[in-house]
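Encoded as structure tokens, the structure appears first; notes follow it.
The values are calculated or read from the model by the stated rules, or taken from the named source; none is laboratory data. Keep in mind that what you see is a predicted model, and the values were worked out from it rather than measured. All Cβ positions, even for glycine, are placed from backbone atoms using ideal geometry, and neighbour counts span all protein chains on display.
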Amino acid sequence: MNTTVKKPDNYLAWSILSTLFCCLPFGIVAIVKSTQVDTYWGQGDMESAVQAAKDAKKWIWISVGTVLGITVIYLIIIAIVAVIAVANS
């Protein structure tokens, strides 16, 4: 029986992309968590490595969700302003 545990994905590339194209503060947290995966794995702390990978993924989604939410709110405001402008002309 093979009992070796596979190293979890650190999501570093996704963390960097979410930092560059989404929400900078949350993306930075994702990068920090991503780098912790390899650190914990190298120390032999598998549980912490798995948790850091889960946290990195969570912060990536928070970063993406934040920018999507802000974009939706922005588009709604633009639509309301456009309707008001058309109604007043």
Discussion item. Just the residues that are of a type in the set (A, V, I, L, M) and modelled with pLDDT of 95 or more, please, taken from segment 3-19.
Written reply: 12, 13, 16, 17
Discussion item. Looking at 29, 83, 37, can you tell me which residue is assigned to a helix (DSSP H, G or I) and touching a Pro at 6+ places or on another chain (Cβ under 9 Å)?
Written reply: 37
Discussion item. Out of everything in segment 20-49 that is touching a Ser or Thr at 6+ places or on another chain (Cβ under 7 Å) and within 17 Å of residue 62 (Cβ to Cβ), what residue ends up being surrounded by the most Cβ atoms within 10 Å (Cβ to Cβ)?
Written reply: 30
Fill in: Criterion (at pLDDT 95 or above and out of contact with any Lys or Arg (no Cβ under 7 Å at 6 or more places or on another chain)) met by exactly one of 89, 63
63
